[in-house]
Amino acid sequence: QVQLVESGGGLVQAGGSLRLSCAASGSSFRINAMGWYRQAPGKQRELVATITNGGNTIYADSVKGRFTISRDNAKNTVYLQMDSLKPEDTAVYYCNAEFFDYVLELKRGAWGQGTQVTVSS
């Protein structure tokens, strides 16, 4: 089983920056892709950015050029640097990991508990 613990959310003014972190822990697993999703009130959860083991990244159009996803494979940690934040970035941000469970010999997924990001205008 994999547990994901997020940190770094908070309140920031428009134009400001925040950095989110998500650390994966557990045993008998290998992380493949990690990523960030967000869910604003009354809206569906949406992809923000993902990164593979090899460093390939995908970004939502709404955050391209403002957010940067990175990863420390040795620490099983993924980061999301968010710059030039806008009020519409306000949401709960969730970390996601796709991993291989060596015990069950299955590909599985895990979610973090979420961290609130609020951008004031």
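Assorted remarks:
- Considering only Cα atoms, the convex hull volume of the chain works out to 94 Å³ per residue.
- Region 62-121 pair-distance distribution - Cα-Cα, 10 Å bins, rounded %: 18, 42, 28, 11, 2
- Mean accessible surface per residue for region 30-97, computed with a 1.4 Å probe while every protein chain stays in place, in Å²: 49 Å²
- Annotation: aspartates and glutamates with alpha-carbon distance below 20 angstrom to LYS75 (same-chain offsets under eight excluded): GLU6, GLU98, ASP101.
- Using the Karplus relation 6.51 cos²θ - 1.76 cosθ + 1.60 with θ = phi - 60°, the per-residue 3J(HN,Hα) values for region 85-98 come to 5, 10, x, 6, 7, 4, 4, 8, 9, 10, 8, 9, 9, 9 Hz, with x marking Gly and Pro.
- Shown for region 36-97 is the translational diffusion coefficient from the Stokes-Einstein equation, using the Kirkwood radius over Cα pairs, a temperature of 25 °C and a viscosity of 0.890 mPa s: 201 µm²/s.
- In the assembled protein chains, ASP72 presents an accessible area of approximately 50 Å² (probe radius 1.4 Å).
- 3J(HN,Hα) couplings calculated from phi for region 44-61 with the Karplus curve 6.51 cos²θ - 1.76 cosθ + 1.60 (θ = phi - 60°) are, in sequence order, 7, 5, 10, 5, 9, 6, 9, 8, 8, 4, x, x, 6, 10, 9, 10, 5, 4 Hz; Gly and Pro show x.
- Exposure of TYR79 as accessible area (Å², to 10), given a probe of 1.4 Å and all protein chains: 40 Å²
- Under-5 Å amide H pairs with GLY114, H placed in peptide plane, nonlocal only: GLU6, CYS95
- Summary of packing: across the peptides 80-93, 47-60, the per-residue average of other C-beta atoms within 10 Å ranks them, highest first, as 80-93, 47-60.
The values are calculated or read from the model by the stated rules, or taken from the named source; none is laboratory data. Note that this is a predicted model, so its numbers are computed, not measured. Because the Cβ atoms are built from the backbone with ideal geometry, glycine has one as well, and the counts that use them run over all protein chains shown. Side chains included, ligands, DNA and RNA excluded: accessible areas come from the protein's heavy atoms. Shrake-Rupley method; radii C 1.70, N 1.55, O 1.52, S 1.80 Å.
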